[in-house]
Structure formats: structure tokens, C-alpha cells
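The structure under discussion appears below in the form of C-alpha cells.
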Ligand code: FO1
């Protein structure tokens, strides 16, 4: 059983934890570090990556790696548990910029090693594999691309009113996505190549899952890498997504600010329509990406219309409040994949 998942940061990582727990029940393998004989490949978003103090930071890859490796800060959802920020404080004491992004002392080791290896000519794919040897996430984690792709946000500068592009992290972390975004620009995406293994992981999958990650700046960025959308559209595997929107609001994060910037309503139905059906009801080309879609029980009213459009949609509780609830969401996604396969 080969499962391929397109993941952003916190939402994707938490869903993956539930998925591995469910697979350990369905397809147990006590000799595997993951606890399951299923092979899970995670294609991680790198559009959130930034260079800071000369270091390459990959928030989404690290969030998946630390979460599945039991090293994540449970409170923050990013960075390391039992973290200290002495180095950051020291940099601030020198007046170093930027001061709005907090790199922890333990986390810094990951960025130093990654940057050193990049400077020695290794690819991000091979470095990620090397870092995962320590964390044993139980999945094969690959970046969407080894090429630099950076999400920038077009905003009106709050001081001057001039329209300018700022890095996604500055918009998200410094401005809390409160500055209205006119556009997201994925710098470098047109010429980026999918990382080795990405297209094969989609073509050879038995199931492809879209976790409740941000549809614009996480999944959307991955889909922007040339070849990935097409591989998803043509894979023989069923493609099932989990809505990141529950009752008209993001499960976590600020996806609503991202959706409104691209003219998509913040609702579970609108996000499914944004991805679109792979096949229409008659079995013809639907032009989109989804075979199945999970919405929360509170959004059950929209399931019939979506199913009618070719996206088999069911309602289940989608809040990842604890491990049991998260595992149940993953179970529902796997079951739905089997239903649409038939
Ligand atoms: N998010 C914050 O809100 N503030 C931070 O200072 C911050 C630092 C940080 C450092 C490393 C890392 O891997 C993630 C970090 N994040 C921080 C989270 C992250 O930047 C965003 O939540 C995601 O990029 C959005 O998916």
C-alpha cells in the first residue's frame, strides 16, 4: 500500500500522525519504525522557506519531521519541544534584523547542518533524507522541488501605502496575515523541477491524500511546480482531500486571508470547487484534482451538491482535537478512497 500526501506545516503534520496511527492498525508491521507496512511518501511545501542570518530554514519540512519524530513543540506546533531562544536574544541585543522570526537554539542545529550541506552542493532532497535519519518520521519526506521557490505577498506598505512584495513569513508571522494580500507570487516556481521521486510517488501511489493544509500557500504552491498538477490529475490512484475549513473558518492558521486574496470563499464547499473534480458525473474529464472530499459535520449541507459535481463528499467530525479524533479522520479518508476507487 503506497500512500502519497501533499503537505504543508502544522495541519499536514498532525493529519500524518493520525494517518500513521491508523495504518499501524490496518497494516501493522512491528519491524517498521512507522509501525506499518504501508509506505507513506510526503511531498512537502518549500514555498514558505526563507534565508535568515545566512541559514536556510524550511518550516514545513521541519514541522513534518519534528512532529512525526516526536520532537515538535506541542504548544507552538512548530520548532522544538524544550526549546530556548538564547541565540535569538543575543542577535536582538546586537540589533540584528529581522527580529520577528524566532529561531530556537535546538532548531538552529537543523538549519546550520542543512545550510552547510547545501553550500557543499548537496540537494535539499538528500539533506532532508539525512536529517530524517535522526528523526525517523516513519514516512519518506521529500521537498516538492530542490529548486528555490519562495512565496511573496503583494501588499500595501502600512507606512508608505506603496504596493510592494514581502516574503510570505513576514506577512504571516510579523503581520499575522492582517495586511490585505493582493496577490501571492511563487518566485521561481515556473522554472522549478519537481524533486526526484515526486512525480513517481504520485504516479505509483495507491492513494493520494490532501490533508487539511492551506489550499493556497501550501497545497497550492506544491501544485504550482510544473508537472505536479498533471501527475495528480492523471494518477490511477484515488485522490481524496480533507477540508481545512470547518464552519466557514480555518481549522487553524489564517487560510481565510489567503483564500480571499485569490477570490475563493472561506467554506469547505468553495475549497473543494477550487480544487475541482477529476471526473464529472458522467466519468468524463472534470478538469480538477479531487475524487473525494471530507467535510466536517457542520458543513454536511454541502455534500449533495459536491457529490453531484463529481467529488464524492461525506461529512465527519474534522477537528483534530486529540489522537483518536485525528486517526478517525485519516480512517475516513482511507475509506472514502476505497469507495471512490470502486
Ligand atoms: N511562526 C511564528 O508565528 N513565529 C515564529 O517566530 C516562527 C518561527 C519559526 C521557526 C522555524 C520554523 O520551522 C517555523 C517557525 N514558525 C514561526 C512557524 C512557521 O513559519 C509558519 O507557521 C508556517 O510557515 C506557516 O505554515
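Quick note: the coordinates plus some simple rules give every number you see, no bench work behind them. Here the structure is a predicted model, which means the values were calculated and not measured. Reconstructed Cβ throughout: ideal geometry from the backbone, glycine too, with neighbour counts over all protein chains shown.
Taking the average, over residues, of other Cβ atoms within 10 Å as the packing measure, peptides 4-10, 179-185, 242-248 rank 4-10, 242-248, 179-185 from highest down. What is the helix-to-structure angle for 323-341, meaning the angle in degrees between its Cα long axis and the longest Cα principal axis of the chain, kept from 0 to 90 and rounded to the nearest 10? The angle comes out at about 50 degrees. Built from the Cα atoms of region 266-305, the convex hull projects on average onto 2.8 nm², one quarter of its surface area. If the chain linking residue 262 and residue 323 were pulled fully straight, counting 0.36 nm for each residue of separation and taking away their Cα-Cα distance, it would gain 18.7 nm. For region 70-142, the average shadow cast by the Cα convex hull is 5.8 nm², which is a quarter of the hull's surface.
Could you tell me the center-to-center distance, by alpha carbons, between region 3-34 and region 201-218 in angstrom? One Cα centre to the other: 13 Å. How many percent of Cα pairs in region 1-147 exceed 21 Å? Across region 1-147, Cα pairs with separations above 21 Å total 44 percent.
Helix-only arithmetic for the chain: the sum of -39500 (n - 2.57) across DSSP H runs with n ≥ 4, divided by the residue total, places the mean residue ellipticity at 222 nm at -10500 deg cm²/dmol. Principal-axis analysis of the Cα atoms of the chain puts helix 59-68 at an angle of about 70° to the longest axis. Cβ-Cβ distance of residue 165 and residue 84, R₀ of 35 Å, FRET efficiency by 1/(1 + (r/R0)^6): the value works out to about 0.55.
The value given for region 134-242 is a Kirkwood hydrodynamic radius of 15.7 Å, derived from the mean inverse Cα-Cα separation.
Treating the chain as a set of equal point scatterers at the Cα positions, no solvent, please give the Debye-formula log₁₀ I(q)/I(0) at q = 0.15 Å⁻¹. Here log10 of I(q) over I(0) equals -1.33.
Across region 68-202, the volume of the C-alpha convex hull divided among the residues equals 157 Å³ per residue. Cα centroids of region 120-187 and region 228-267: how far apart, whole angstrom? Their Cα centres are 18 Å away from one another. Within the listed set 176, 167, 152, the residue fluctuating most in the Gaussian network model of the chain (springs between alpha-carbon atoms under 10 angstrom) is 176. When the chain is treated as a GNM, springs tying every alpha-carbon pair under 10 Å, which of 308, 22, 81 comes out with the largest mean-square fluctuation? It is 308. Full extension of the chain between residue 32 and residue 281 gives 85.6 nm of extra length, using 0.36 nm per residue less the Cα-Cα distance.
Note on the chain: with a GNM built from Cα contacts shorter than 10 Å, the maximum mean-square fluctuation among 231, 201, 93 falls on 93. The stretch between residue 203 and residue 341 holds 48.2 nm of extra length on full extension. This uses 0.36 nm per residue minus the Cα-Cα distance. Across all directions, the average projected area of the convex hull around the alpha carbons of region 1-87 is 6.6 nm². Helix 10-26 and the long axis of the chain differ in direction by around 50°, with both axes built from C-alpha atoms.
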